[in-house]
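The values are calculated or read from the model by the stated rules, or taken from the named source; none is laboratory data. Treat the numbers as computed from the prediction; the structure is a model and nothing was measured. Cβ: placed from backbone, ideal geometry, glycine included. Neighbour counts: every protein chain shown.
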Amino acid sequence: MKNKILVTGGVGYIGSHTCIALHEAGYDIVVYDNLSNSSREAINRVSTLIGQSIKFIEGDVRDAESLKRVFSSHQFFGVIHFAGLKAVGESVAKPLLYYNNNVSGTITLLEVMAEYDVKNLIFSSSATVYGDPETLPINEKSKRSCTNPYGQSKLTVEHILEDLAVSDDSWNLIPLRYFNPVGAHPSGKIGEDPNDIPNNLMPYISQVAVGKLEKLSIFGHDYPTIDGTGVRDFIHVTDLAKGHVAALNYLEKQTSSNESGTTKQNSVGFLPINLGTGKGTSVLELVSAFSDVSKQDIPYQFAERRAGDIASCYASADKAKNLLGWQAKLSITDMCQDTWRWQSINPNGYDIEK
Ligand code: NAD
Ligand code: UFG
């Protein structure tokens, strides 16, 4: 058994897939989640998929006493910190809720980590920290700026991590900047389960395909892109999950290299890394790929541009490849196939009552 890892927000969409990847890679994991945006059924299904009960603690990252109880009962190598709120529109309506969850929650977690001398962290950041990019593909040195409270909360946490790394070189802090995670586990047992009507493109398309929603509105068709619709770097969630395992392997290698029997510490400091495929796909291209895979018609209409949207966004994935030895492998067809399998087996997500 390899090192023990605390996974905050591990019941959610990306966290649940990452728990499986971590288990497959031999890690011992403890999941900590307040279930504010996830379901116990996801824990049951991950347990079924890994063939053993997942260690789960219900708790909030803003609750220092609860976190201290967890850290005093387990010896962690590090933390993968997914816990946070992620809806851009809701963040505009409820900024304090977002800063409290995403920023205060992370500060509380870091304070407890410091108290227990656990200094290795992988943080869920986002391509949203790049705002409207000046050049493409976007690399880790590209300018950062955000226009909504959700994005600001991610950028603020990145600044906090940078300051922390400067203040004390025993911290090893990797913000992974995700591009557009989509897809589901190939078993069809776990996937993305949005509350209410989805805001994001892939879950919207799949709910149209399964007949839950009538038609897709495509926000803007006059962008300077291949077909006038927005272009994004869609990445399969299982590839993304493996990116976390690669980052963890990197942290382990850097922080304890055995040289003639002695353990040498190399500080990683603050090390942001993009997780994307490096390829852009337009909204219309994704609709067409999904329709081909599902053999369903996806009716759509063109609508006004959505406020705050950018024309194109895709990653330079070179740093992840060179440093972590990680590369996304799965195609747009794989992403559509796995989303369709999950959506058609579970038309109401984890909730049979919905
Ligand atoms: P998700 O909502 O499915 O998962 C987040 C999990 O965190 C949920 O299980 C939720 O219950 C839990 N949580 C929220 N606040 C908490 C708190 N205060 N204490 C404990 N648990 C809490 O979201 P996801 O798509 O899996 O995203 C995971 C992380 O990745 C988030 O931080 C998100 O901002 C970031 N991210 C997501 C995307 C995306 O498109 N899905 C893109 C970039 C970054
Ligand atoms: N789109 C539509 N119709 C829809 C939904 C989306 O046309 O019903 C379009 C958007 O206008 C955009 C593209 O599909 O051109 C992708 O939109 P998403 O909402 O799926 O994704 P975004 O790129 O806007 O944002 C996502 C997450 C953010 C995250 C960002 C970068 O929602 O939280 O990726 O990681 F910050």
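General observations
- Here the stretch 223-253 is the region considered, the condition is being among the aromatic types (Phe, Trp, Tyr) and more than 16 Å from ligand 1 (Cβ to nearest atom), and the residue that is farthest from residue 301 (Cα to Cα) is 250.
- The stretch 290-307, residues that are touching a Ser or Thr at 6+ places or on another chain (Cβ under 6 Å) and small (Gly, Ala, Ser): 303
- Residue within the stretch 32-53 that is within 15 Å of ligand 1 (Cβ to nearest atom), farther than 28 Å from residue 148 by Cβ, modelled with pLDDT of 95 or more and hydrophobic (A, V, I, L, M, F, W, C) present: yes
- Residue tally, condition surrounded by fewer than 19 Cβ atoms within 10 Å (Cβ to Cβ), among the β-branched types (Val, Ile, Thr) and outside any loop (DSSP other than H, G, I, E, B), over the stretch 317-354: 2
- Where a residue in the stretch 116-129 is polar (S, T, N, Q) and its partner, wherever it lies, is assigned to a loop (DSSP other than H, G, I, E, B) and near ligand 1 (Cβ under 7 Å from one of its atoms), with Cβ under 7 Å and at least six apart: 124/82; 124/84
- Pair list, Cβ < 8 Å and 6+ apart or interchain, from the stretch 292-311 residues that are closer than 13 Å to residue 229 by Cβ and in a loop (DSSP other than H, G, I, E, B) to residues that are among the hydroxyl-bearing types (Ser, Thr, Tyr) and away from ligand 1 (no atom under 16 Å from the Cβ): 305/223; 311/223; 311/225
- For the stretch 293-316, a residue qualifies if it is crowded, with 17+ Cβ neighbours inside 10 Å and away from ligand 2 (no atom under 11 Å from the Cβ), and the qualifying residues are 293, 294, 296, 298, 316.
- In the stretch 110-142, the residues that are within 23 Å of residue 10 (Cβ to Cβ), of a type in the set (A, V, I, L, M) and either surrounded by 18 or more Cβ atoms within 10 Å (Cβ to Cβ) or within 16 Å of ligand 2 (Cβ to nearest atom) (or both): 110, 112, 113, 118, 121, 122, 127, 129
- Of everything listed in (1) touching a Phe, Trp or Tyr at 6+ places or on another chain (Cβ under 6 Å); (2) surrounded by 17 or more Cβ atoms within 10 Å (Cβ to Cβ); (3) not charged (D, E, K, R), the single unmet condition for residue 39 is (2).
- When each of 220, 228 is tested for being touching a residue at least 60 places away in the same chain (Cβ under 8 Å) and surrounded by fewer than 23 Cβ atoms within 10 Å (Cβ to Cβ), the lone residue that passes is 220.
- Residue in the stretch 143-151 that is closer than 19 Å to residue 9 by Cα and within 16 Å of ligand 2 (Cβ to nearest atom) present: yes
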